[in-house]
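Let me begin by presenting the structure, written as structure tokens, before commenting on it.
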Amino acid sequence: MLMPMLDDRTTTPDPHIEPYLLWSYGDSRTAWPALLGDAAGRPDAPATAAPARLEEATGLPPACIEVGQLDASRDEDPAHATKLSRAGVPVEFHLHPGVPHECAAQVRRDRGLLRARATGSWRCAARARLPG
């Protein structure tokens, strides 16, 4: 899973990263009701659509979760990786420092970032493109 939105209950912005977000907390507040309808934010939202609500993860297939440090999903993604791991699910998790949501798409569109990705330094190259 690459920078997944997993929890429809994530609504409190982190003021440290909010100015740098490409996908904002407001975008998430719009997206979840589009997916879940009236169930968004309510206790009866299905875990099949909002995986952070999953109560039992035993037996799920292995997972790879990547998220950028500058992503509104930054806190929910490692929490989900931990939940899976505690249930015995093999998990590979990566938190990319200084990287915004959808950085991989930015890399695909930018030839300089593509070259950097090919040499293994794409995260640093992506951070260099951030404002400020």
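Throughout, read-outs are computed from the coordinates displayed, never taken from laboratory work. Quantities reported herein were computed from a predicted structural model and do not represent experimental measurements. Backbone-built Cβ (ideal geometry, glycine too); neighbour counts: all protein chains shown.
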Inset, instruction - List the residues whose amide H sits under 5 Å from the amide H of H94, counting only those 5 or more places along or on another chain, with H placed 1.01 Å from N in the peptide plane. - result: I65, E66, V67
Inset, instruction - Residues in the range 70-96, backbone N under 20 Å from the label point at R53 (7 Å along the Cα-to-beta-carbon vector): list them, ranges by number please. - result: 73-84
Inset, instruction - Would you calculate the separation in nanometres between label points at L60 and R9, each defined as 7 Å from the Cα along the Cα-to-beta-carbon direction? - result: 1.5 nm
Inset, instruction - Using the Karplus curve 6.51 cos²θ - 1.76 cosθ + 1.60 with θ = phi - 60°, work out ³J(HN,Hα) for each residue of the range 74-79 in order, rounded to whole Hz, and write x for Gly and Pro. - result: 3, 7, 6, 5, x, 4
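Which peptide among 66-73, 37-44 comes first, and what is the full order, when sorted by highest mean count of other Cβ atoms within 10 Å?
Numbers: 66-73: 24.0, 37-44: 12.0.
So the order, starting with the most tightly packed, is 66-73, 37-44.
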Legend entry - Additional length obtainable on full extension of the chain from H16 to T82, 0.36 nm per residue less Cα span: 21.4 nm
Inset, instruction - Rounded to whole Hz and in sequence order, give me ³J(HN,Hα) for the range 33-47 from the Karplus expression 6.51 cos²θ - 1.76 cosθ + 1.60, θ = phi - 60°, writing x for Gly and Pro. - result: x, 5, 7, 9, x, 5, 6, 4, x, 9, x, 8, 4, x, 5
